[in-house]
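K.L.:
Before I ask anything, here is the structure I am working with.
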Amino acid sequence: LLLCVIDFCAGVRVVSRRAIEPLGGISQATRVGDHIFLSGQVAFDENGELVGDGDAKTQSEQIFRNIERLLAKAGASLDDVTLLTTFLTDAEHFADYSTVKKRYFPKDPPAGTTVIVAGLLDPRLLLEVEVHAVVEPGDS
């Protein structure tokens with residue numbers, strides 16, 4: 001991912017992925033103290049290209065790769081994830097998503113909520129995952 005720290009203000013460190021910024025100017029990740037919040041991650045690669053058109057398992061794998069990269073940029077790892085909120089465009093995608101998630105969180109998975117939605121911003125996207133992580137005080 002093309003990651004860069006773009007701003008420091010009022011104790012909030014903003015981490016952003018350039019490929020998505022034109023879609024709304026949102027930050028892909030923010031860190032406030034020990035808390036890290038990732039915007040909904042979708043299956044776009046480092047070049048802004050969709051990975052896994054029509055394939056929920058492949059999209060899930062790309063999403064978790066994106067999550068790992070953003071967490072690392074914010075000074076965290078998957079071990080720090082406390083909550084996943086997942087949006088699926090069809091309940092049939094849950095099994096593929098769950099299989100991939102279990103690979104990334106083989107023990108002690110984070111809390112989570114999964115919601116079925118009518119659609120996402122790009123109709124080729126089958127799922128989106130938001131993340132909340134908490135790091136130990138003093139970790140950078």
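K.L.:
For the pair ILE26 and PHE105, what calculated FRET efficiency results from E = 1/(1 + (r/R0)^6), where r is the Cβ-Cβ distance and R0 = 25 Å, to the nearest 0.05?
P.N.:
The value I calculate is 0.50.
K.L.:
Cβ under 13 Å from LYS102's Cβ, LYS102 left aside: what net charge do those residues give with Lys, Arg +1 and Asp, Glu -1?
P.N.:
With Lys, Arg at +1 and Asp, Glu at -1, the neighbours total +1.
K.L.:
Hey, with R₀ at 35 Å, roughly what FRET efficiency would SER77 and VAL117 work out to, going by the Cβ-Cβ distance, to 0.05? Please list the in-between numbers first.
P.N.:
On the way: r = 28 Å, r/R0 = 0.80.
Efficiency, from the Cβ-Cβ distance: 0.80.
Read-outs: derived from the displayed coordinates by stated rules, not from any lab. Predicted model only: the values in this text are computed from it and were never measured. For neighbour counting, all protein chains shown are included, and Cβ atoms are generated from backbone atoms with ideal geometry for every residue, glycine included.
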